[in-house]
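K.L.:
I have a structure here, written as structure tokens, and I will follow up with some questions on it.
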Amino acid sequence: KAEGRGTWRFFETEMDARMQARRRLELDLRRALVEREFDLFYQPLVQIGTREITGFEALLRWRHPERGMVPPNEFIPLAEETGVIVPLGAWVIERACEEAAKWPEHISVAVNVSAVQFRTPGLVDVVTAALARWGLAGARLEIEITESIMLQDNVTTLGILRRLQRLGVRISMDDFGTGYSSLSYLRSFPFDKIKIDQSFIRDLTSQGGAQAIVSAISGLGRSLGMRTTAEGVETAEQLTQLRAEGCTEAQGYLFGRPMTGKEALELLSVQGPGPHSFACA
Ligand code: C2E
Ligand code: MG
Ligand code: MG
Ligand code: MG
């Protein structure tokens, strides 16, 4: 009995410690937003056929004063749970448009929008205001959503997606193939782009079905009039296979790691006014 109580007390302390750590991180997140500790990095998106860079994906980073660079997977889930993602996500859209306005006109920027941010009223207004403030054409902004968004109230979700598309903004389905009943979503909304999850690209050159899946998704994109982007392309071998499968676009360490805005701008200017292509691939 005594032991049982001890165990329970231990459990309570454990819970307590975890709640406190969570609370600390939450306060830390809110502080970081005020202190401007967040930054965006940019990773090139490359057309497989022409090897041209046609855009960059903006990826969020947190320069924590003690912990150093914190990757998004370590704070976005909590930012979503606590609602911090709403102001943080608005900042991402604003900042990405500001940066893209410095690029040549044929280069676009892709921004990740989380499900929580998506269902909070005001997203379309945030996008409209950011485009207007930086004088960016809607067509130069891509919004990446994941399948989890489609699990929410369908009428509202589709309404928001359509309003964004009416601004000229393009919509990409991110991490495709890792969520639930993906195919029905493709039928309910005309996405501009399908991003094939990097887990399939990683296994592309080994046995076990990844190649068949990549091939099928590329074919699906082709017949539905949606572009297909392979995520996490690291080797020339993977690129060769993707080209053979008819996948249209690639993103990954083979072409470039996420880089600072300054580095992205340098990459674009080194190559002149365009087209911006990669000799390595
Ligand atoms: P994602 O949108 O699927 O972004 C692609 C992730 O793959 C990025 O990780 C990128 O750095 C990584 N990656 C790119 N090329 C390669 C490669 O060749 N090999 C490997 N192993 N990885 C590669 P990152 O930057 O850590 O971001 C992780 C996730 O965090 C993103 O996945 C996205 O879901 C989320 N995220 C990032 N920025 C934001 C943001 O501003 N807002 C929201 N809501 N989510 C974001
Ligand atoms: Mg993404
Ligand atoms: Mg992805
Ligand atoms: Mg991902």
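K.L.:
Please go through region 106-146 and give me each residue that is in a helix (DSSP H, G or I) and near ligand 1 (Cβ under 10 Å from one of its atoms), ordered by number. Outline the logic, then answer.
P.N.:
If we filter region 106-146 for residues that are in a helix (DSSP H, G or I), which is where we start, we get 115-119, 123-134, 138-140.
Matches in region 106-146: A115, V116, Q117, F118.
K.L.:
Continuing with the same structure: For region 185-205, enumerate the residues that are more than 16 Å from ligand 3 (Cβ to nearest atom) and open to solvent by 60 Å² or more (accessible area, probe 1.4 Å).
P.N.:
Matches in region 185-205: R187, P190, T205.
K.L.:
Pairs only if they're at least six apart or on different chains, beta carbon under 7 angstrom, first in region 173-184 and of a type outside the set (G, A, S), second part of a strand (DSSP E or B) and within 10 Å of ligand 4 (Cβ to nearest atom); list them, first residue then second.
P.N.:
What qualifies is M173/K195; D174/N112; D174/E144; D174/K195; D175/K195; F176/K195.
K.L.:
Return the only residue of V113, V124 being within 24 Å of P258 (Cα to Cα), at pLDDT 95 or above and open to solvent by less than 50 Å² (accessible area, probe 1.4 Å). Working first, answer last.
P.N.:
Working: V124 fails: within 24 Å of P258 (Cα to Cα).
Every option except V113 fails the conditions.
K.L.:
Could you give every pair whose Cβ atoms fall below 6 Å, whose first residue belongs to region 56-72 and is within 10 Å of ligand 2 (Cβ to nearest atom), and whose second residue is open to solvent by 40 Å² or more (accessible area, probe 1.4 Å) and assigned to a strand (DSSP E or B), counting only separations of at least 6 or pairs across chains?
P.N.:
Between residues of region 56-72 that are within 10 Å of ligand 2 (Cβ to nearest atom) and residues that are open to solvent by 40 Å² or more (accessible area, probe 1.4 Å) and assigned to a strand (DSSP E or B), there is no close pair.
K.L.:
Scan region 154-181 for residues that are assigned to a helix (DSSP H, G or I) and open to solvent by less than 20 Å² (accessible area, probe 1.4 Å) and jot them down.
P.N.:
The answer is T157, L161, L164.
K.L.:
List every residue pair whose Cβ atoms lie under 8 Å apart, where the two residues are 6 or more positions apart in sequence or sit on different chains, the first residue falls within region 84-97 and is of a type in the set (V, I, T), and the second residue, located anywhere, is part of a helix (DSSP H, G or I) and open to solvent by 40 Å² or more (accessible area, probe 1.4 Å).
P.N.:
V84/R30; V84/L33; I85/I76; I93/V126
K.L.:
If you don't mind, another one. Answer yes or no: is there a residue in region 18-35 that is at pLDDT 85 or above, surrounded by 10 or more Cβ atoms within 10 Å (Cβ to Cβ) and not in a helix (DSSP H, G or I).
P.N.:
Checked against the condition, which is being at pLDDT 85 or above, surrounded by 10 or more Cβ atoms within 10 Å (Cβ to Cβ) and not in a helix (DSSP H, G or I), region 18-35 yields at least one hit.
K.L.:
Only one residue in R95, R166, R162 is at pLDDT 95 or above and closer than 27 Å to S269 by Cβ. Which one?
P.N.:
R95
K.L.:
So, of the residues in region 248-281 that are assigned to a loop (DSSP other than H, G, I, E, B), aliphatic (A, V, I, L, M) and out of contact with any Ser or Thr (no Cβ under 8 Å at 6 or more places or on another chain), which turns out to be modelled with the highest pLDDT?
P.N.:
A279
The values are calculated or read from the model by the stated rules, or taken from the named source; none is laboratory data. Everything quoted here is computed from the prediction, not taken from an experiment. So basically every Cβ, Gly included, is an ideal-geometry build from the backbone, and we count neighbours across all protein chains shown. Calculation scope for accessible area: heavy atoms of the full protein, side chains included, ligands and nucleic acids excluded. Shrake-Rupley method; radii C 1.70, N 1.55, O 1.52, S 1.80 Å.
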